[in-house]
1. Could you grab the pairs with beta carbons closer than 7 Å, sequence gap of 6+ or different chains, first residue in the range 176-196 and under 13 Å from residue 216 (Cβ atoms), second one loosely packed, with under 14 Cβ neighbours inside 10 Å?
2. If residue 86 satisfies all but one of (1) out of contact with any helix residue (DSSP H, G or I) (no Cβ under 6 Å at 6 or more places or on another chain); (2) assigned to a loop (DSSP other than H, G, I, E, B); (3) under 20 Å from residue 164 (Cα atoms), what's the number of the condition it fails?
3. Could you count how many residues in the range 216-238 are in contact (Cβ under 8 Å) with a residue 24 or more places away in the chain and either outside any loop (DSSP other than H, G, I, E, B) or within 16 Å of the ligand (Cβ to nearest atom) (or both)?
4. Is there a residue in the range 1-12 that is within 16 Å of the ligand (Cβ to nearest atom) and surrounded by 13 or more Cβ atoms within 10 Å (Cβ to Cβ)?
5. Would you please name the residue that is surrounded by the fewest Cβ atoms within 10 Å (Cβ to Cβ), looking only at residues in the range 27-61 that are in a helix (DSSP H, G or I) and within 16 Å of the ligand (Cβ to nearest atom)?
6. What are the pairs with Cβ atoms under 9 angstrom where one residue, in the range 33-54, is on the phi > 0 side of the Ramachandran plot and the other, located anywhere, is more than 15 Å from the ligand (Cβ to nearest atom) and assigned to a loop (DSSP other than H, G, I, E, B)? Sequence gap at least six, or different chains.
7. Given the condition within 15 Å of the chain's Cα centre (by Cα) and modelled with pLDDT of 95 or more, answer yes or no: does some residue in the range 45-55 qualify?
Ligand SMILES: [Zn+2]
């Protein structure tokens, strides 16, 4: 694959993603992104009886051009996170699929204009069951979504010619400096790759980044907008689908 031709006029792509749909993101992530016209992907889990009220502000975020993504309903991760049973090790593929589809019905009301949807694996976990009964739930995501974001190794990104869209790699960037995130973006996009950054909060308490560092990254991406394509996951996935990868990814 000719990467230069594929990305032209850019040399590679960056997607900024945030998980869990927090108040912190509404207050501290979205305003600086909007000021620079940078659009991201926000993976939300519409859990609880108050989901409509709680997620109401996200309707405007979606209208404003950011992508809303499915982060499941119950946000079930490995039992190790719970330090108890009841996590993915104890779930079936059927249960996970139902959970994700209920979430999707709710999210369709938050962003009714979105036709193509992507999924953010909670905790980047992609399995159900344990031991010899452990199975991947990536095929379920491939069935219902244009793309699914999990995580990969530090320092690696997605090659548009071979990536499995149902399980693309993100890099968790919590506590990283602006210089380090810019280094990733500079180096990996110049290799012709698609870099997906996973954020949770800005100046927050949990898995957080400093606003100084986040804004440094945003300003860098804004300055480099003619060379680096910064776009929501769904937009880059659509571009990959419109290329020769259609048959591989079934999109
Ligand atoms: Zn999450």
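The values are calculated or read from the model by the stated rules, or taken from the named source; none is laboratory data. Everything numeric here is computed off the predicted structure, so don't read it as measured data. Backbone-built Cβ (ideal geometry, glycine too); neighbour counts: all protein chains shown.
1. 178/212
2. Only one criterion is unmet by residue 86, namely (3).
3. The total comes to 16.
4. Here is the first cut: in the range 1-12, the residues within 16 Å of the ligand (Cβ to nearest atom) are none.
The answer is no; no qualifying residue exists.
5. Applying the filter and picking the extreme gives 54.
6. 37/65; 37/225
7. Quick first cut of the range 45-55, residues within 15 Å of the chain's Cα centre (by Cα) only: 45.
Subsequent filtering for residues that are modelled with pLDDT of 95 or more retains 45.
For the range 45-55, residues within 15 Å of the chain's Cα centre (by Cα) and modelled with pLDDT of 95 or more: present.
Every residue, every condition in (1) in contact with a strand residue (DSSP E or B) (Cβ under 6 Å, 6 or more places away or on another chain); (2) within 16 Å of the ligand (Cβ to nearest atom); (3) within 21 Å of residue 46 (Cβ to Cβ), yes or no:
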position	(1), (2), (3)
132	no, no, no
142	no, no, no
146	yes, no, yes
150	no, yes, yes
185	yes, no, no
193	yes, no, no
200	yes, yes, yes
209	yes, yes, no
214	yes, no, no
